[in-house]
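Below is one structure, written out as structure tokens, with a few remarks after it.
The values are calculated or read from the model by the stated rules, or taken from the named source; none is laboratory data. Please read these numbers as outputs of a predicted model, since none were measured by experiment. Neighbour counts are summed over all protein chains in view; Cβ atoms, including those assigned to glycine, are modelled from backbone coordinates with ideal geometry.
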Amino acid sequence: MTKLTALILGMALIATPSLAAPATGEPIKIGDISMYSKAPEYTGPYKKGVDLAVAQINADGGINGRPLEIISRDSKLDPGEAVKLAEELRSRDKVDLLMNCDSSAVTLALSSWALRNKIPLMDTNSDADSIIWEHGNPYVFRTIFGGHTQMSATIKLAMEKYGDKLKGKRWVSIAPNYEYGHSIINAAKVVAAEQGLEPQWVEQQWPAYGKLEAGATVSALKHAKPDVIVSLMLNDDLVKFVREGNKRGLFKDTIVISPPLAIPEHFEQLKKETPVGWFSVGFPVDEVTDPAFVKFRQAFQAKYNELPSMTGIYGYNGVQAIAAALKKAESTDPEKVREALEDVSFQTPLGEQRFRKIDHQATGTLWVGVSGLKNDTGALTNWRVEKVEDHLPTDAWILEQRAKTAKP
Amino acid sequence: MSFLLIQLLTGLSSAAVLFLVASGLSLIFGVTRILNFAHGSLYMLGAFISYTLVQHLGAEGIGFWGSLVLAAGGTALIGTFIEILVLRRVYHVPELFQLLATFALLLIFQDVTLHLWGPEDLLGPQAPGLDGSIQLLGESFPSYDLFLIGLAGVVIAALTLLLYKTRWGVLVRAATEDREMLANLGVNQKWLFTSVFALGSFLAGLGGALQLPRESVSLSMDMNMIIDVFVVIVIGGLGSLRGTVLATVIVGTVRAFGILIFPEITLVLLFLIMAVVLIFKPYGLFGRAEEAAPAQNHVSTDALRLPPRWVGYVGVAFSIAMLALPLVVGDYGLVLASEMLIWALFAASLHFIFGPGGVGVFGHALYFGLGAYAVALLTKYFAIAMPLALIAAPLAAIAGALLFGWFCVRSQGIYLAMLTFAFAQMVWAVCFQWYDVTGGDNGLLGIWPAAWASDKTTFYYMTLTLCGISVLLLRHFIFTPFGYALRAVRDQTKRAEALGLNARRLQWVGMGLAGAFAGLAGALFAYSKGSVFPTSLDIHTTLNAMVMTLLGGLNTLSGPLVGSVVYIFLESEISRISEVWRLILGLIILAIVLFFPQGIVGALNKRLIKVKE
């Protein structure tokens, strides 16, 4: 069907004074390369969020009459494979944009490809700071908040609770031994110093991701007599850390700051064993009363019979952003869409958002609070909404990071 | 002081479960000579099964412990099942195929487990009565950890009793020492093998079940454990129970203390220990040279003959087709074709050292990665021109190959293979952690080919030329006196040495050559993807090349080429149409190992080429 026919048809449909007609034009194709087979607990909800957004947009007339179509591929957590798939989606399937839910390595490889091939990439899950700062480029956009933001929000919340008692203390860190871990602990150091906390970093442990030797590492941390523990333990490592830490009394009389603790996946595993009182970023999706979010939650539950989780929300937001940009650009030309993405504001369950010019980070909100127990399982308690924009470093600092990477 | 003692005990308790699983594999290897990749899968299954049983039988008292034992028993049954169904058929095929067959089982188990239990990690209950800690030397020490140390001790005692005081044990020890003799003495090997496999699987499953109170049951347990177990039994010496005990104690304690001195060493400590041990004791702590020498590591003793003339014509026709490809396929087709060519070169380099070279390496991806990183680093820091980089990469790779190869050729068989793997892991760890230089796991980005080679067609022709010439060169080397000498050393080491050939030096040079071409493949790979990550150095890259080589056929020269084309094609098409790509891939690999061990080309050879005797 030619564009003209689609346009006429679209106009005719819109002119009909009845219910909004579903989109029927030639589909706009968006490629999706995500870690489906290797991290299904994250990509499963992500796909649900994405599909929900697409269904809603298409039911509402699509993009000027054209439906959105997402073509998904499995990256297998392999950056080389992801780049090959990007080539395939571009030349064989003729996608105009890419989106993904994946590890930072894969996202970085795709961002490099996106820059080279001038195709916008919507990152909905990799929160490594380097993706938009050190290695940021004009073609990458991110809906989820990053590591620095999480660290800033949680540390500031801890400061509110403890005030001066947090000054001049012994801090230890435990983070996975890859770039994400190092950069987020770095962010903690930067934020703690900025806020005048005068921390003494007495011990830092870097277990290999997924292979935490819980006993030895907990014992080493305990030996350093910490007052504050910054933990970036995830998934299996987190479980081991919690169990072993409790048995060895690591968490007694310490303040624990652990941004990734309160994601639903962790609560589902830990249940009653969820540690209490850890400062974290969470997703209290069942408690939020904001009407936009409630509407989204109800739609999600109606379609999937479950509550939305982090990847679902940010996948949904990604599609919304893309749709808004496509509508504004009135074209599928990747360059025009990219420009539109820089300017457009889009509606999400978390409110209206746009992308910052300097780094293409979506403005928006996050929920920060303290971990606790509710109905025999973990939950984020005493939470409040924080703005992403309040927890970002200065523009000068960001430009400094960009300058660090030599451009070939 | 008390802290150090606590740390020592901690190290021992983490060694306890590792010991259980490793002892199972050590026993199995000692008798059957099979290194079972799927041993980690059995460990994982033990954990999953015990999780489910505990849900049904309750987490108190007899319910909990009963579940653990039943889970171990269930795993033993599964192990027996795969032994009878699959492994019995691969006892007499070359070692490499056995490894691949068990790797195929690992893939199959991964998808089966995923579909039976779902993608989420599952957290089981704490052990009843052992969920707290006791005060030890002024510190809280988990009681469960003490229990594990005690249990490991009991198992060591039980195994020793079993091996030294029962008739079965005598047979097992005899089989470990000299399998052929045992068969000659009329012992029914079939049931001996099956029973050992059952016991080994029981231990693996028990190890998995015992993890329930400590960590969540997840789908990555298999790979995590199997690497550790392989390393531990190599350090200890294959087939030696004593060795396994000592090795796990060493590994557990060094790990516990290593992180006090240098926390980031976590990535590489295990392999560092193995490399150090193997350099001083090339057969592990208690291993023996006789065990290392593979029964046979090539498919047949047929000499590699030059094929008849008509095959040459097919080759020419094929080359013309490759040259004309851009006329027929679009951009994506050329990207895929370039990728196939790069992998074909990598597989051919692996084939060179594995097949004719007779050196079973397990860390060949190291040289692929060295080539890729050479290009990336030179581009990033010196903005080097592409032709220069393409020369520098193989040079970097050959330097690495000669450096590491010197240490490796002092070992043999599985020890050599594991040492190559250790070096690959160590370089991987350096690339992974040296964030300032190599970009760490973020990799190096923006590695694009020169402007004149940027369009897909030109890049394809460049790749075709380079890979084509390299493969022909490799082929040429096989038929030079050097190549014949290599094969002589492979087939009849003692006789060759008696004739004055220096086995070690020849293999060393062979490794260098293979490394150089692997490096070139890696360099082209870097340019084709535009980025380089530590994944190019890891085990999956090596395994891909191994599967391709075997798919095509180990005793043929076009094998790796055909294999890489078919494998890449299969992999991309299968994952397009199905979620259970691991299951399907595993079944295909199994089918090849069981029914087409000569590979595709080998099978074709048998049918089409009549050899004049």
Matching residues in region A:251-281 - criterion: being in a loop (DSSP other than H, G, I, E, B), surrounded by fewer than 18 Cβ atoms within 10 Å (Cβ to Cβ) and touching a residue at least 60 places away in the same chain (Cβ under 8 Å): A:VAL276, A:GLY277
Residue list for region A:113-125, restricted to those being at the interface with chain B (Cβ under 9 Å from one of its Cβ atoms) and under 25 Å from B:PHE569 (Cα atoms): A:TRP113
Matching residues in region A:301-319 - criterion: being assigned to a helix (DSSP H, G or I) and surrounded by fewer than 21 Cβ atoms within 10 Å (Cβ to Cβ): A:GLN301, A:ALA302, A:LYS303, A:TYR304
From the options B:LEU604, B:LEU550, B:LEU570, B:LEU587, residue that is assigned to a helix (DSSP H, G or I), touching a residue at least 60 places away in the same chain (Cβ under 8 Å) and surrounded by fewer than 21 Cβ atoms within 10 Å (Cβ to Cβ): B:LEU587
Unique match (being closer than 27 Å to B:GLY586 by Cα and not β-branched (Val, Ile, Thr)) among B:LEU473, B:LEU550, B:LEU506: B:LEU550
Tally of residues being small (Gly, Ala, Ser) and under 25 Å from the mean Cα position of the chain (by Cα) across region B:58-109: 4
Helices (runs of 4 or more DSSP H) (entirely within region B:432-515) containing at least 1 residues that are within 12 Å of chain A (Cβ to nearest Cβ) and within 25 Å of B:ALA389 (Cβ to Cβ): B:435-438, B:456-478
Given (1) of a type in the set (A, V, I, L, M); (2) in a helix (DSSP H, G or I); (3) more than 22 Å from B:GLU339 (Cα to Cα), index of the condition A:ILE30 fails: (2)
Lone unmet requirement of (1) buried (at least 23 other Cβ atoms within 10 Å of the Cβ); (2) over 24 Å from B:THR253 (Cα atoms); (3) in contact with an Asp or Glu (Cβ under 9 Å, 6 or more places away or on another chain); (4) within 14 Å of chain B (Cβ to nearest Cβ) for A:LEU212: (2)
Failed item, numbered, when A:MET159 is tested on (1) surrounded by fewer than 24 Cβ atoms within 10 Å (Cβ to Cβ); (2) hydrophobic (A, V, I, L, M, F, W, C); (3) closer than 24 Å to B:GLY443 by Cβ; (4) away from chain B (no Cβ under 14 Å): (3)
Pick from region B:261-288, criterion of a type in the set (Phe, Trp, Tyr) and within 14 Å of another protein chain (Cβ to nearest Cβ), ranking: nearest to A:LEU212 (Cα to Cα): B:PHE262
Lone unmet requirement of (1) buried (at least 20 other Cβ atoms within 10 Å of the Cβ); (2) assigned to a loop (DSSP other than H, G, I, E, B) for A:PRO284: (1)
Among the candidates A:SER103, A:SER37, residue that is facing chain B (nearest Cβ under 10 Å), in contact with a Lys or Arg (Cβ under 9 Å, 6 or more places away or on another chain), surrounded by fewer than 22 Cβ atoms within 10 Å (Cβ to Cβ) and within 28 Å of A:PRO259 (Cα to Cα): A:SER37
Residue match in region B:81-100 (condition: within 14 Å of chain A (Cβ to nearest Cβ), in contact (Cβ under 8 Å) with a residue 24 or more places away in the chain and among the charged types (D, E, K, R)): no
Number of positions in region A:99-150 that are part of a strand (DSSP E or B) and among the β-branched types (Val, Ile, Thr): 1
Output for region B:401-414, where each listed residue is modelled with pLDDT under 90, in a helix (DSSP H, G or I) and surrounded by fewer than 24 Cβ atoms within 10 Å (Cβ to Cβ): B:PHE407, B:GLY413
Enumerated helices (runs of 4 or more DSSP H) restricted to region B:1-99, each holding at least 3 residues that are in contact with an Asp or Glu (Cβ under 7 Å, 6 or more places away or on another chain) and either aromatic (Phe, Trp, Tyr) or at pLDDT below 95 (or both): B:2-32
Qualifying residue in region B:353-372 (condition: surrounded by fewer than 24 Cβ atoms within 10 Å (Cβ to Cβ) and at pLDDT 90 or above): no
Only listed residue being crowded, with 19+ Cβ neighbours inside 10 Å and of a type in the set (Asp, Glu), chosen from A:GLU352, A:GLU386, A:GLU342: A:GLU386
Positions within region B:445-460 being without any contact (Cβ under 8 Å) to a residue 40 or more places away in the chain, touching a helix residue (DSSP H, G or I) at 6+ places or on another chain (Cβ under 9 Å) and not polar (S, T, N, Q), in sequence order: B:TRP452, B:ASP455
Of all residues making up region A:171-186, the number that are more than 12 Å from chain B (Cβ to nearest Cβ) and modelled with pLDDT of 95 or more: 1
Residue count, region A:72-96 (criterion: in contact with a strand residue (DSSP E or B) (Cβ under 7 Å, 6 or more places away or on another chain) and more than 7 Å from chain B (Cβ to nearest Cβ)): 11
Of the criteria (1) part of a helix (DSSP H, G or I); (2) within 23 Å of the chain's Cα centre (by Cα), which one B:VAL361 fails: (1)
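Residue-wise test of (1) more than 30 Å from B:LEU114 (Cβ to Cβ); (2) out of contact with any helix residue (DSSP H, G or I) (no Cβ under 9 Å at 6 or more places or on another chain).
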position	(1), (2)
B:ALA157	yes, yes
B:LEU162	yes, no
B:ALA174	yes, no
B:PHE193	no, no
B:PHE197	no, no
B:GLY205	no, no
B:VAL217	no, no
B:VAL229	no, no
Hey, A:GLU244 assigned to a helix (DSSP H, G or I), surrounded by fewer than 24 Cβ atoms within 10 Å (Cβ to Cβ) and in contact (Cβ under 8 Å) with a residue 24 or more places away in the chain or not: no
